[in-house]
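The structure under discussion appears below in the form of structure tokens.
Every number here is computed from the coordinates shown, using simple stated rules; none is lab data. Keep in mind that what you see is a predicted model, and the values were worked out from it rather than measured. All Cβ positions, even for glycine, are placed from backbone atoms using ideal geometry, and neighbour counts span all protein chains on display.
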DNA sequence: AGTTTTCCTGATTTGATACTCAAAAATCAG
DNA sequence: CTGATTTTTGAGTATCAAATCAGGAAAACT
């Protein structure tokens, strides 16, 4: 046993394992499962490749372990949302979108992995759904359904709506390299993030069309 | 020289090359560049692996060649859009979205590849931008800019708007596996596509909020 | 027909990557 | 400090995928 007075002192093993998970999460998210090489992860974590296999049986286990880091992130959102359970479904949806944006900017790996595995399908996607995506998505879809029932949202297939909102919101974050290559713009700046949040919450949730009844001046 | 009277008769070589490109496009888009194996492509195209290297020097060239197939698709959109050059920027944007949806359903490979490479960055993304993505994106951004100048759109960074629209619209298409795994729903059906087009054009372009001034009944 | 050119393939080489293992090094408890 | 335990590693294996090449089949041309 080894604890310091204030902070839990991790044993050496757990410390390197944590570092490996961190590096692995980054690489998996940026490159995808196959492109991310154990050797590269080891190098980035400044350990030998064999150390990876000491802490995690194989690449697949490492991936799963790294993903479970993200579970904590998602459960944070769940906690905040459940605290506001008495708000209207639409208000909850809006809040979920805001949380989604904040979390996505803080942990861009999440969105990239969902996109990568969500396109490819397969075992890892099923695992993701079972362990950290499915419940959240179904909860959001249910919120959308209720918002529609309340007449706050136009009636659309709620599952499509949820996926579309998330994909649209994550687009600018996930496709930052594309924005750099196509426009020479880096969206990940203070102003960029603010503009993005503004865009999503206004454009996607309130509509892209300017209200033509009150034209001319105004700077909202 | 070898042409038939009515149709250009492709030489044997060009025929197999075309088949290889077709198969390769599918595999690259579904699996990504690295996961797609030359052996599997060869098998699917019913030729030997060496044949791939006869027609295309290496995997990279094959990828580029397959991508150029998509250039035709995009130029079709360009043609239709330029025919309507005198419409308002907003109308053109709307039309572009509709075209984007149709084309994306018909060629799901396009969106998947843009997403894959757009997240990863690197040489292939730069190549894509230079050869078949950049001009289109800049044109759309310019349309958005003009729609904003005309007061039809709220003022947002036009590049972000374009990316968000595309990502949101392609979301349901690209993430079909996720929708199956999470919701047990297959969006790629006749009704699914219709609902999707409805969702995007209404929700993303006209706003998600129902007009509360005219509540109660109505079934639009 | 015969001849030339194009096209295709089996066998092989090259390179990279996940994974193993025995032994060394670091860590920790008493 | 000392011995036991945990952690790390260098070296090595097995596997799989990309790329090469020489020889032979098919097509095109005269």
- Task: Give the nm distances, rounded to one decimal, from residue B:73 to the matching residue in every other copy, measuring between label points 7 Å along Cα toward the beta carbon; shortest first.
- Result: 3.0
- Distance from the Cα centre of region A:21-44 to that of region B:81-98, in angstrom? 43
- Query: Helix A:59-83 versus the longest principal axis of chain A: what is the Cα-based angle in degrees, 0 to 90, to the nearest 10?
  - Reply: 40
- What list of whole percents do you get for P(r) of the protein assembly as shown, with Cα-Cα distances grouped in 10 Å bins up to the one holding the largest distance? 4, 19, 29, 25, 14, 7, 2, 0, 0
- Task: Between the label point of residue B:40 and that of the same position in each other copy, find the distances and list them shortest first in nm, with every label point placed 7 Å from Cα along the Cα-to-C-beta direction.
- Result: 1.9
- What's the average, rounded to a whole number, of partner chain beta-carbon atoms within 10 Å of each residue's beta-carbon in B:179-190? 5
- Message: Limiting things to C-alpha atoms, what are the Rg and the maximum Cα-Cα separation (Dmax) for chain A, in angstroms?
- Response: 20.4, 70
- Message: Over the Cα atoms of region A:1-119, each weighted equally, I'd like the Debye log10 I(q)/I(0) at q = 0.16 Å⁻¹, rounded to two decimals.
- Response: -0.85
- Can you give the mean number of other chain Cβ atoms that lie within 10 Å of the Cβ atoms in peptide B:120-127? 4
- Message: Can you list the copy-to-copy distances for residue A:198, using a point 7 angstrom from Cα toward Cβ, in nanometres, shortest first?
- Response: 3.4
- Which of A:96, A:176, A:83 moves the most in a Gaussian network model of chain A with Cα springs under 10 Å? A:83
- In degrees rounded to 10, the 0-90 angle between helix A:134-149 Cα long axis and the longest Cα principal axis of chain A is 10
- Relative contact order of chain A: what whole-number percent is it, with Cα pairs under 8 angstrom and at least 6 residues apart? 16
- Ellipticity estimate at 222 nm from DSSP helix runs (n ≥ 4, -39,500 (n - 2.57)) divided over chain B, nearest 500: -21500 deg cm²/dmol
- Query: Ordered by packing density, taken as the mean number of other Cβ atoms within 10 Å over each peptide's residues, highest first, how do B:59-68, A:187-196 rank?
  - Reply: B:59-68, A:187-196
